[in-house]
1. Against the empirical 2.2 N^0.38 Å scaling, what ratio does the C-alpha Rg of segment 3-217 come to?
2. Using θ = phi - 60° and the Karplus curve 6.51 cos²θ - 1.76 cosθ + 1.60, what whole-Hz ³J(HN,Hα) does each residue of segment 129-140 get, with Gly and Pro shown as x?
3. Just in segment 123-196: which GluC sites (Glu not before Pro) are loop by DSSP and have at most 16 other Cβ atoms within 10 Å?
4. Past 29 Å, Cα to Cα, is the threshold; run 20/45; 161/186; 77/180 against it and keep the listed order.
5. What ranking do 212-219, 139-146 get when scored by the average of other Cβ atoms within 10 Å per residue, highest first?
6. On the first, second and third principal axes, largest extent first, how far apart are the outermost C-alpha atoms of segment 104-191 in Å?
7. Pick from 58, 126, 103: which residue has the top mean-square fluctuation in a GNM of the chain where Cα pairs under 10 Å get a spring?
8. May I ask for the angle, rounded to the nearest 10°, between helix 36-48 and the longest principal axis of the chain, with both axes built from Cα atoms and the value confined to 0 to 90°?
Amino acid sequence: MDPSALEILYEDNHLLAVSKPARLPTMGTPADENSLLRTAKEWVKQRCGKPGNVYLGVVSRLDAPVTGVVLLARTSKAASRLTEQFRSREVEKVYWAIAEGIVQPAEDRLAHWIIPHGRHRRMMLVGPTIAGAKEAILSYRRFGIIQQDSLLEVRLETGRKHQIRIQLADRGHPIVGDYKYGARKKFPLGIALHARRIAFRHPVRDEQVVIEAPLPPAWGVTG
């Protein structure tokens, strides 16, 4: 990805928030493959004219097919303080999703226990007594219907891998385009899951920061 094409949502000396496009991994790719972190570091180099290594700590990450806000720390102090906010569940994390079918009830709170699947790159639901199981909690609100599918606002209480995807699929309403968790309908690019908003305390200044990412054109929805 060309660093100049990166959509910057927020920037100061301590933080960098960007809008991740679909199919771009956040991090953890081989040296010859692109990632959001590698692209963001190159953007900082070009922006600040830094010839050497650039520090960026990934504070929030998204699955490759998911779009929306990714928060990066530009200093280790900021990374540490923000990580603690996430750990103590002080950060507001809001996602938008298009789930297959008409989700009923229109509002609910879901709680499951999940672990990684032994052989596949996915998560699975288990009982709370299973070794290694972690609790996954979210609440959702249906606020629209698009071609007989549900437009949902999802608020995370925990931040488990794939939790929105597997918890909605368990209800019989997988996210559009998410074939890994049983979707039948195609989505133009990635899946219909978008990290819409994140709100947190600034790691240095005593103020609340709210960052929103606009919806990609593939959604066909304004907002």
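1. 1.04
2. 8, 6, 4, x, 5, 10, 6, 10, 10, 8, 10, 9
3. Of the GluC sites (Glu not before Pro), the ones in loops of segment 123-196 whose Cβ has at most 16 other Cβ atoms within 10 Å are 157.
4. 77/180
5. On the way: 212-219: 16.9, 139-146: 15.1.
My ranking of the peptides, most packed first, is 212-219, 139-146.
6. That gives 41, 27, 18 Å along the principal axes, largest extent first.
7. Checking each option, the largest mean-square fluctuation is seen for 126.
8. Computed tilt is about 30 degrees.
Each value in this text was obtained by applying a stated rule to the coordinates, not by laboratory testing. A quick note: this is a predicted structure, and the numbers were derived from the prediction, not measured. Every residue, glycine as well, gets a Cβ built from its backbone with ideal geometry; the counts of neighbours run over all protein chains shown.
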